[in-house]
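So the structure is just underneath, and the comments pick up after that.
The values are calculated or read from the model by the stated rules, or taken from the named source; none is laboratory data. Since the structure is predicted, the reported quantities are computational estimates derived from the model, not experimental observations. Note that we place each Cβ from the backbone using ideal geometry, even for glycine, and neighbour counts take in every protein chain shown. Surface accessibility is based on the protein's heavy atoms, side chains included, excluding ligands, DNA and RNA. Shrake-Rupley method; radii C 1.70, N 1.55, O 1.52, S 1.80 Å.
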Amino acid sequence: AQSVTQPDIHITVSEGASLELRCNYSYGATPYLFWYVQSPGQGLQLLLKYFSGDTLVQGIKGFEAEFKRSQSSFNLRKPSVHWSDAAEYFCAVSMEYGNKLVFGAGTILRVKS
Amino acid sequence: NAGVTQTPKFRVLKTGQSMTLLCAQDMNHEYMYWYRQDPGMGLRLIHYSVGEGTTAKGEVPDGYNVSRLKKQNFLLGLESAAPSQTSVYFCASSSPGLAEETQYFGPGTRLLVL
């Protein structure tokens, strides 16, 4: 069965520092890959997604992610973190064209000033 | 355009009580989903629907039932609530046939079962 691993439960970065959140998936084929963000008390908002083509994907709020097939990874990056980026981030995969997303456990990002 | 809305926002139940969570979307989406979110486990799919009148089981369907009588609504029912069903429940919807098949999420319903 497909699975998604986000190895970091919590990450703390200073405002203005760079950020990388890790995501690894387990499946034989190339899945559809997503990153969602959840602010406290809110629903999930899509940051970016990868279906095919260029392996570096640009998203909203200055985020980007790179798909690496050889490492089964889809890490999320941001060059300079803002205090408003503090939230929980979820990586998700889908093998069935948008159906049945499988989520990672999430990474909570704290931003210190 | 409200997107995906959920009713209620918060509810406290006693063990054995029943309740229904309502999800509504105004985007004319075919697909709708119910997830539960528990700490350290991300979101897990309970049930989903690929169209009006159809439902299917997800990863954790036990103890829940669903109905999709109208395209815009997806109901999640708990017939006899258990403390293990204390969670945050999210509804989502998506439109098939598009190259980018994003799921749009509602704000969530917090359920506490005592």
Revision key, fill the gap. Residue hits (the range A:4-19; of a type in the set (A, V, I, L, M) and under 14 Å from residue A:78 (Cα atoms)) are A:11, A:13, A:17, A:19
Exercise for review: State whether the residues of the range B:34-50 include one that is in contact (Cβ under 8 Å) with a residue 12 or more places away in the chain and more than 26 Å from residue A:23 (Cα to Cα).
Suggested key: yes
Practice item. Tell me which residues, restricted to the range B:8-28, are exposed (fewer than 14 other Cβ atoms within 10 Å of the Cβ) and under 18 Å from residue A:41 (Cα atoms). Key: B:8, B:9, B:10, B:12
Practice item. Return the residue satisfying two criteria in turn: it lies in the range B:97-112 and is open to solvent by less than 40 Å² (accessible area, probe 1.4 Å) and facing chain A (nearest Cβ under 8 Å), and of such residues it is modelled with the lowest pLDDT. Key: B:101
Study note, to complete from the structure: Within the range A:79-113, the count of residues that are crowded, with 17+ Cβ neighbours inside 10 Å, part of a strand (DSSP E or B) and either away from chain B (no Cβ under 14 Å) or more than 15 Å from the chain's Cα centre (by Cα) (or both) comes to 3
Exercise for review: Kindly indicate the residue of the range B:56-85 that is among the hydroxyl-bearing types (Ser, Thr, Tyr) and open to solvent by 50 Å² or more (accessible area, probe 1.4 Å) and also farthest from the other protein chains (Cβ to nearest Cβ) among those meeting that condition.
Suggested key: B:80
Review point. Which residue pairs have Cβ atoms closer than 7 Å, lie 6 or more positions apart in sequence or on different chains, and pair a first residue in the range B:81-101 that is in a helix (DSSP H, G or I) with a second residue that is at pLDDT 95 or above?
Key: B:83/B:15; B:83/B:113; B:85/B:63; B:85/B:78; B:85/B:111; B:85/B:113
**Study point:** Subset of the range B:86-96 (residues that are under 15 Å from residue B:29 (Cα atoms) and open to solvent by less than 10 Å² (accessible area, probe 1.4 Å))
**Key:** B:91, B:92, B:93, B:94
Point to revise | Pair list, Cβ under 6 Å, 6 or more apart: the range A:21-40 residue over 17 Å from residue A:5 (Cβ atoms), other residue of a type outside the set (Lys, Arg) and open to solvent by 60 Å² or more (accessible area, probe 1.4 Å) | key: A:37/A:45
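Yes/no matrix, rows are residues, columns are (1) of a type in the set (Val, Ile, Thr); (2) in contact with a strand residue (DSSP E or B) (Cβ under 7 Å, 6 or more places away or on another chain):
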site: B:1; (1), (2): no, no
site: B:23; (1), (2): no, yes
site: B:33; (1), (2): no, yes
site: B:54; (1), (2): yes, no
site: B:84; (1), (2): no, no
site: B:101; (1), (2): no, yes
site: B:108; (1), (2): no, yes
Point to revise | So residue A:70, is it small (Gly, Ala, Ser), out of contact with any Leu (no Cβ under 8 Å at 6 or more places or on another chain), more than 28 Å from residue B:108 (Cα to Cα) and free of Cβ contacts under 8 Å to residues at least 24 places away in the same chain | key: yes
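In the range B:40-55, which residue that is more than 9 Å from every other protein chain (Cβ to nearest Cβ) and not β-branched (Val, Ile, Thr) is most open to solvent (accessible area, probe 1.4 Å)?
Filtering the range B:40-55 for residues that are more than 9 Å from every other protein chain (Cβ to nearest Cβ) and not β-branched (Val, Ile, Thr), the one most open to solvent (accessible area, probe 1.4 Å) comes out as B:52.
Here's the yes/no breakdown for (1) under 11 Å from the mean Cα position of the chain (by Cα); (2) under 19 Å from residue A:31 (Cβ atoms); (3) exposed (fewer than 14 other Cβ atoms within 10 Å of the Cβ):
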residue: A:46; (1), (2), (3): yes, yes, no
residue: A:56; (1), (2), (3): no, yes, yes
residue: A:61; (1), (2), (3): no, no, yes
residue: A:64; (1), (2), (3): yes, yes, no
residue: A:68; (1), (2), (3): no, yes, yes
residue: A:77; (1), (2), (3): yes, no, no
Practice item. Out of the residues in the range A:3-31 that are hydroxyl-bearing (Ser, Thr, Tyr) and either modelled with pLDDT of 95 or more or within 26 Å of residue B:38 (Cβ to Cβ) (or both), state the one that is surrounded by the most Cβ atoms within 10 Å (Cβ to Cβ). Key: A:25
